[in-house]
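Reading through the structure tokens given below for one structure.
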């Protein structure tokens, strides 16, 4: 029980640091520069593109790893056939 | 078809007519998933969404991509828990292989959910601060969950006996799936978070306008389909590996 309370205290430490979900005052008003400015241009649609690309790359990496496993099996079967 | 090749065909993977019929159905389902997901991605960009909100703007559309990652992860974890129960019930090692593959899928989507969340928050709530990691309670707990899940593979690598490994890691899977519910759905709600339903933020059904649901729910289904597809490939591969085990020495 004291452990649970301790954990709850840890969580309350995080309290107050969080910006509000849709409150403009919780976000700094400084003009973004560099890649930030690029990402937030056009109503931030580029952020959505970045998110979609991350998912796409993740699926691709998984496909490549499956491919690798197939190749390993193919090689093993091929070698077994040769003997 | 000459007799020899006919025999080879029948012995090969023992495909009877009904089984090959089944593979055809599965193939069509996969084509369906591909078309469905393409339509979802198109609709996600084309249809109107709640893009007038400050901070969020067009990134409101990330709802269709970031959130389904977590739904898919949860689904994969629940499926892995089901397989784990089957391992303990039947002691059949085929189920053990399925637990591994389902956990891999869950972790893939968990990591993708994490990365998409990091990028989303970087250019919205953490704009101008240079922060990539916001110590959001839900984000922290998701990271903890991924570590717990990663330990599953460490645990497996430490055990040599396949039957013992299957049983012990199945119990660990059940533990990690139960911990996920508390980490992601109970603890973050006790404190403030950027996520809906916490710290005075509106619950999901209040912030989402009707047209967004039209894309959001199909997106979840589509990602379930993709996850099942990736899972299915690995399971079939493992089956072939097992079937041909006698033919070669690894």
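If we sort B:33-41, A:34-42, B:74-82 on the protection proxy, mean other Cβ atoms within 10 Å, highest first, what's the order?
Numbers: B:33-41: 15.6, A:34-42: 13.3, B:74-82: 21.2.
Packing proxy ranking, top to bottom: B:74-82, B:33-41, A:34-42.
Pick from B:95, B:133, B:229: which residue has the top mean-square fluctuation in a GNM of chain B where Cα pairs under 10 Å get a spring?
B:133
So for chain B, averaging the separation of alpha carbon pairs under 8 Å that are six or more residues apart and normalising by length, what relative contact order in percent results?
Details: 224 pairs, mean separation 63.8, N = 250.
Relative contact order, chain B: 26 percent.
Count, for each residue of B:108-119, the Cβ atoms from other chains sitting within 10 Å of its Cβ, then give me the mean as a whole number.
On the way: counts 5, 4, 0, 3, 8, 3, 1, 6, 9, 1, 2, 7.
Mean partner-chain Cβ count within 10 Å for B:108-119: 4.
Limiting things to C-alpha atoms, what are the Rg and the maximum Cα-Cα separation (Dmax) for the range B:110-181, in angstroms?
For the range B:110-181, the Cα radius of gyration and maximum Cα-Cα distance read 16.4, 53 Å.
Using the count of nearby Cβ atoms within 10 Å as a rough guide to exposure, how do B:153, B:109, B:65, B:231 rank from fewest to most? Write down the numbers at each step before the final one.
On the way: B:153 14, B:109 29, B:65 23, B:231 20.
In order of increasing Cβ crowding within 10 Å: B:153, B:231, B:65, B:109.
Using only Cα atoms and rounding to the nearest 10 degrees, what angle (0 to 90) does helix B:137-157 make with the longest principal axis of chain B?
Approximately 20 degrees, to the nearest ten.
How well do other chains shield peptide A:31-41, expressed as the mean number of their Cβ atoms within 10 Å of each residue Cβ?
Numbers: counts 1, 3, 1, 0, 1, 5, 0, 1, 6, 7, 0.
If you average over the peptide's residues, the count of other-chain Cβ atoms is 2.
First check a/c for chain B, with a ≥ b ≥ c the square roots of the eigenvalues of its C-alpha gyration tensor; if it is under 1.5, answer rounded, and if not, answer prolate when a/b is larger than b/c or oblate otherwise. Mind dumping the intermediate values first?
Values: a/c = 2.86, a/b = 1.56, b/c = 1.83.
Because a/c hits 1.5 or more and a/b fails to exceed b/c, chain B counts as oblate.
Which order results if B:30, B:98 are arranged by neighbouring Cβ count within 10 Å, fewest first? Intermediate results must be reported in sequence, preceding the final value.
On the way: B:30 16, B:98 22.
Ranked by crowding around the Cβ, least crowded first: B:30, B:98.
Residues of B:181-194, mean number of Cβ from any other protein chain within 10 Å of their own Cβ, rounded to a whole number? Provide the component values of the computation, followed by the final result.
Working: counts 0, 0, 0, 0, 0, 0, 4, 2, 0, 5, 9, 10, 5, 6.
Per-residue shielding by partner chains comes out at 3.
At q = 0.32 Å⁻¹, what log₁₀ I(q)/I(0) does the range A:44-83 have when each alpha carbon counts as one equal point scatterer in the Debye sum?
The computed values of log10 I(q)/I(0) come out as -0.92.
Working from Cα positions, state the angle (0 to 90°, nearest 10) between the long axis of helix B:162-181 and the longest principal axis of chain B.
20 degrees
Mind sorting A:43, B:96 by how few other Cβ atoms lie within 10 Å of their own Cβ, fewest first? Walk me through the intermediate numbers first.
Details: A:43 15, B:96 23.
The most exposed by this proxy come first: A:43, B:96.
Which value at 222 nm does chain B reach when only helices count, each DSSP H run of 4 or more adding -39,500 (n - 2.57), with the total divided by all residues and rounded to the nearest 500 deg cm²/dmol? It would help to have the intermediate numbers written out before the result.
Working: 8 runs with 174 residues, N = 250.
Mean residue ellipticity at 222 nm (helix-derived): -24000 deg cm²/dmol.
Between B:90, B:173, B:72, where does the largest GNM mean-square fluctuation fall for chain B, given springs only between Cα atoms within less than 10 Å?
Checking each option, the largest mean-square fluctuation is seen for B:90.
On C-alpha positions alone, give me the angle between the axis of helix B:93-122 and the longest principal axis of chain B, in degrees, nearest 10.
Here the helix axis deviates by roughly 20 degrees.
Identify which of B:121, B:20, B:193 has the largest mean-square fluctuation in a Gaussian network model of chain B, with springs joining Cα atoms closer than 10 Å.
B:20
Read-outs: derived from the displayed coordinates by stated rules, not from any lab. Owing to the predicted nature of the structure, the values given are computational and were not obtained by experimental measurement. Note that we place each Cβ from the backbone using ideal geometry, even for glycine, and neighbour counts take in every protein chain shown.
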